[in-house]
Amino acid sequence: MKKKKEDESFDSALKVQEGIPQPPVLNESAVKKFKRTRRQMPTPDAFMEGILNFNRTLFSQAITLVESSLPEHQALAQEIIARCLPHAGNSVRLGVTGVPGAGKSTFIEALGTYLTGNGHRLAVLAIDPSSSRSKGSILGDKTRMEGLSTHPNAFIRPSPSAGSLGGVARKTRETIIICEAAGFDTIIVETVGVGQSEIAVHSMVDFFLLLMISGAGDELQGIKRGIMEMADAIAVNKADGDNKVRAQIACTQIKNALHLFPLPDSGWSPPAITCSSLTGDGIPGVWDTISEYIRFTQSNGFFRLKRQQQSRQIMIDSIDNRLHDHFYLNSEIKTALKEIEQKMLADRLTPYQAAAHLLELYFKTMTR
């Protein structure tokens, strides 16, 4: 008996000491607070007050709602957009595209710094290409525009293209309306790059600027005629240092090429100019060109006509998007899609027959 007591009091290295109770992995009070906060979505009135008075938090949340694909978020977003419309339309909408490496982000920061320095309020909607594999985007434009992103009169919103036409985020048009309601007088939409699908950007802006560089081989090689015809001005960037002379030569070549194109419907003859985002040379001239174009098209009525065409395009695109969503959210379509897809993959149906079967089923569900 005595030996047993001695054994119990013996401190062995193999003996497991009782530890203190471990705290829970999650902070329960924080979780409850988070859930409570999520449920308390601001009302449309609160959003509108925040947008009109530029409460940056509510303003950013409204744009997030616009970009969300959740039906409940979309319903609220559309109500906010409808309320913003009477306060929108008073900005200059500028689209910027260009060849890869043309320095679009650096150019926008230089132009934006010039504009904010002259009392303008600027919103930059920078479209980042989404990966076709992971569907993700880097969204690094705030990093590339570090100086502009901290300015109180500037707002930069990088958005994923999400595979939409021309790298333009599906909700960019709605975001423009919210930015205008918040008092931004200049909206810049930066696109992924040059391509035929850049017509999507052209359909939502007042002025379309094509950015180019010299010293990359034939300056006109790889630039599609359709893009050059859409451009309201072409700026040869990086005209500084040893590259200045080459930029002037490239600008002359572009001017000669532009003379071969017919005059656009606006009646405006697109100029070619040089600039340097690094030194700032030519940046005021770019803005002068944009301002002159706005005055010219407002005086001949084309500015209003183009805005009307944009509204019509928004209506058509909205119909297309709603029909697309309504089709794929249909419960019967969801069920039939897998079965018909399997038949198609087994070569029992052609892709066209599969599509015809699904559309026929969809139209039947609409007539019930």
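The values are calculated or read from the model by the stated rules, or taken from the named source; none is laboratory data. Source: prediction; values computed, not measured. Cβ placement follows ideal geometry from the backbone for every residue including glycine, while neighbour counts extend to all protein chains displayed.
The table that follows gives values for the structure above.
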read-out: Segment 296-306: number of residues that are farther than 21 Å from residue 228 by Cα and either surrounded by 14 or more Cβ atoms within 10 Å (Cβ to Cβ) or among the basic types (Lys, Arg) (or both); value: 1
read-out: Filter pass, residue 354 being small (Gly, Ala, Ser) and outside the structural domain of residue 230 (by TED's automatic domain parsing); value: yes
read-out: Residue among 266, 318 that alone is surrounded by 13 or more Cβ atoms within 10 Å (Cβ to Cβ), farther than 24 Å from residue 110 by Cβ and outside the structural domain of residue 212 (by TED's automatic domain parsing); value: 318
read-out: Filter result for residue 115 (at pLDDT 95 or above, out of contact with any His (no Cβ under 7 Å at 6 or more places or on another chain) and either within 27 Å of residue 289 (Cα to Cα) or among the basic types (Lys, Arg) (or both)); value: yes
read-out: Some residue of segment 322-335 being farther than 22 Å from residue 367 by Cβ and exposed (fewer than 15 other Cβ atoms within 10 Å of the Cβ); value: no
read-out: Residue that is surrounded by the most Cβ atoms within 10 Å (Cβ to Cβ), among those in segment 60-113 that are without any contact (Cβ under 8 Å) to a residue 12 or more places away in the chain and not in a helix (DSSP H, G or I); value: 68
read-out: Residue satisfying all of: in segment 269-295; buried (at least 17 other Cβ atoms within 10 Å of the Cβ) and among the polar types (S, T, N, Q); farthest from the chain's Cα centre (by Cα) among these; value: 274
read-out: First in segment 308-332 and closer than 28 Å to residue 89 by Cα, second anywhere and among the hydroxyl-bearing types (Ser, Thr, Tyr) and modelled with pLDDT under 90, Cβ under 7 Å, 6 or more apart; value: 310/203; 313/203
read-out: Pairs, first under 17 Å from residue 248 (Cα atoms) and touching a residue at least 40 places away in the same chain (Cβ under 8 Å) in segment 282-294, second of a type in the set (Gly, Ala, Ser) and not in a helix (DSSP H, G or I), C-beta under 8 Å, six or more apart; value: 282/235; 282/239; 282/276; 283/276; 283/277; 286/233; 286/235
read-out: From 360, 341, residue being exposed (fewer than 12 other Cβ atoms within 10 Å of the Cβ) and either assigned to a helix (DSSP H, G or I) or over 24 Å from the mean Cα position of the chain (by Cα) (or both); value: 360
